[in-house]
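As structure tokens, the structure follows; a few thoughts come after it.
None of the figures in this text is laboratory data; all of them are computed from the coordinates on show. From a predicted model like this one, the values you see are computed outputs, not experimental measurements. Note: ideal-geometry Cβ built from the backbone for every residue, glycine included; neighbour counts use all protein chains shown.
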Amino acid sequence: MKLIEVGTGYTSIPASMGAATEIVVEELSKVFEKDNINYEIFDIKDEDRIKTNLKIKEVNVPKMFRKKDTTLGIMHKLKRVVYSLSLAKALRKEIKNSDEDIAIHFHNQYNMFFFLKTTSKKMREKVKIYYTVHSYIWNNKWNNIEHTIKRKYFQEVYSMQNANKIFVLNNITEKHLIEHLGITKNKIIHMDNGVNTDCFKPLVNSQDDFIFLQTGSICERKNQLGAIKNLKHILKENMNCKYFYAGGIVDNLYQDRIKQYIERNQLNEKVEYLGELKPGKELVDYYTKAKAFIFPSTAEAFSLVILEAMACALPVIMNKKTILEVPQDLENVILFYEDEKSFDDIINNKILNEIERKKIAMLSRKITEEKYSWNIIAYKYLKEFGSEK
């Protein structure tokens, strides 16, 4: 059997920016490559692709649509459609010319929707089609998301209804698919995300400053401003404490609000925007400079950054109001806050207390090694594909 991992076209693989879905495709494929699994990545053409030993078949699109677009505007949507149509054509050619069984693993609603709509039923019956739900939108009460699902995620609904198996990151997504979309339970597989524990690991930290780090797109959902507000008096009262945040700017107005708050509260020396860090060494360098990871996000599906931080032996301080289902084994390690008072208690009793902080840091690393390395997660996928060695 040949496995085809489908790149979304958002940015080329290996990801040159913190694009979570592309990182998932890349890390799964690294395990397949290492263990001689028969696989290939289908991905958008990129003349500047980072050097890699991964097996990649490039899908050609007009040059104007190859730009790495983080604004998610009209050009981004057009790029999704153009790439998806070209991708579907390339996949059909692969199916037609192949003598072996093929499993296609999609990670994006546009990609799978246009493949299904432009490929005959007869040809589709020759392959097994799998879909991983990465969208954070599903991780909420149905009454809160029903309108958005019908308006913006109808392609994802269609894709899931026509997949052989669906991989979900949390139980609430499974519940919605069964109760509201009529998808049978035996098609749905709970699958966690993972982390590259060889890349993300604790290093010797000679940093004098006590850095609180947050990574993720700059937008209201990620709630960087909330983190700064909670940290404000801690930063002011502790001379060596600083807050660094990194990620692509999705919402320029929100970034302006952050800057204005920093100016207004005289936090210029205490808060630093790092820009967009490249996955790999650059990102790991900042994780290992930090002492704790702040996660104030209001909604996620299953955030990779939590596992990255934990693998680097960072305590994770998480907003309890985040719409995110946390696996039970992580609930014993992640430090949850509900308000400013509980946030302060965590900082003073767990984080600024070096003995307690190191205890949590060691446990964080241990759990990621034992349960969340990509080696472990990839073989769970392979079992469902029927491709174990």
Would you mind ranking 298, 173, 119 so that the residue whose beta carbon has the fewest other beta carbons within 10 Å leads the list?
298, 119, 173
With point charges of +1 on the Cβ of Lys and Arg and -1 on the Cβ of Asp and Glu, referenced to the Cα centre of the chain, which listed residue (84, 134, 44) lies farthest in the positive direction of the dipole?
84
Toy charge model, Lys and Arg Cβ at +1, Asp and Glu Cβ at -1: region 20-66 dipole around Cα centroid in debye, rounded to 20, equals 160
Compute a Gaussian network model of the chain, connecting alpha carbons closer than 10 Å, and tell me which residue from 25, 82, 204 fluctuates the most.
204
What's the magnitude of the charge dipole for the chain around its Cα centre, counting Lys and Arg as +1 and Asp and Glu as -1 at the beta-carbon? Answer in Debye, nearest 20.
1280
Most fluctuating of 43, 344, 198 in the GNM of the chain (C-alpha, under 10 Å) is 198
List 146, 276, 100 from most exposed to least, where exposure is judged by having the fewest other Cβ atoms within 10 Å.
100, 146, 276
Spatial separation of Cα centroids for region 28-45 and region 312-389, in angstrom
28
Between residue 354 and residue 282, the FRET efficiency computed from the C-beta separation at R0 = 22 Å comes out, to the nearest 0.05, as 0.25
What's the FRET efficiency of residue 178 with residue 58 using the Cβ-Cβ distance as r and R₀ = 45 Å, to the nearest 0.05?
0.75
Using 0.36 nm per residue, how much length does the chain from residue 162 to residue 268 gain when fully extended, once their Cα-Cα distance is taken away?
33.0 nm
Calculated from DSSP helices alone, with each H run of at least 4 adding -39500 (n - 2.57) and the total divided by the residues of the chain, [θ]222 nm to the nearest 500 comes to -13000 deg cm²/dmol
Hey, if you put +1 on the Cβ of every Lys and Arg and -1 on every Asp and Glu Cβ in region 210-371, which of 252, 304, 360 ends up farthest toward the positive end of that dipole?
360
